[in-house]
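As structure tokens, the structure follows; a few thoughts come after it.
Derivation of every value follows stated rules applied to the coordinates shown; laboratory data play no part. Every value quoted in this text rests on a predicted model; they were computed, and no experiment measured them. Backbone-built Cβ (ideal geometry, glycine too); neighbour counts: all protein chains shown.
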Amino acid sequence: MRHGLLNFFAATLERSLLFQIQVPNVDIKARIEDQLSSHDVLLYMKGTPDFPQCGFSGQAVAALNAIGKPYAFVNIFEDPEVREGLKEYSNWPTFPQLYVKGELVGGCDIMIEMFHSGELKEMLEAA
């Protein structure tokens, strides 16, 4: 009997975990969408523009600052739910993540490439 009860609990837990993984957190998704709709240019980053906490976030901030258009930021270290929820929302696993008009532009490598080509400046000026 004891072995059967353990199997029952294990199966119940497994179904519960599968349900949690498959169903996105609606509150987090709504919060992310609210942040994106509230700002034309939004950078999700590690740290702040004044104190980036990783080299990639620092490079992203340097590119945006060089262009000179105002942007908003979210320090993902201050909100672990947004940090994890954004990975699922964007299907982009790393940070920083730049959004313009609610659309994901990309991470640091894409931003730097676009910065050097002038494409990032054009995009931000049009936003």
Q. Does the range 34-51 hold any residues that are outside any strand (DSSP E or B) and either without any contact (Cβ under 8 Å) to a residue 12 or more places away in the chain or more than 13 Å from Glu103 (Cα to Cα) (or both), and which are they?
A. Asp34, Lys46, Thr48, Pro49, Asp50, Phe51
Q: List every residue pair whose Cβ atoms lie under 8 Å apart, where the two residues are 6 or more positions apart in sequence or sit on different chains, the first residue falls within the range 88-117 and is in contact (Cβ under 8 Å) with a residue 24 or more places away in the chain, and the second residue, located anywhere, is in a loop (DSSP other than H, G, I, E, B) and among the polar types (S, T, N, Q).
A: Gly107/Thr94
Q. Going by the structure shown, is Ile32 β-branched (Val, Ile, Thr), surrounded by 15 or more Cβ atoms within 10 Å (Cβ to Cβ) and either more than 15 Å from the chain's Cα centre (by Cα) or farther than 27 Å from Glu125 by Cα (or both)?
A. no
**Q.** For Met45: the one exception among (1) closer than 13 Å to Leu120 by Cα; (2) crowded, with 20+ Cβ neighbours inside 10 Å; (3) not basic (Lys, Arg)
**A.** (1)
Q.
For the structure I just gave you, tell me whether Ile67 is free of Cβ contacts under 8 Å to residues at least 60 places away in the same chain and surrounded by fewer than 19 Cβ atoms within 10 Å (Cβ to Cβ).
A. yes
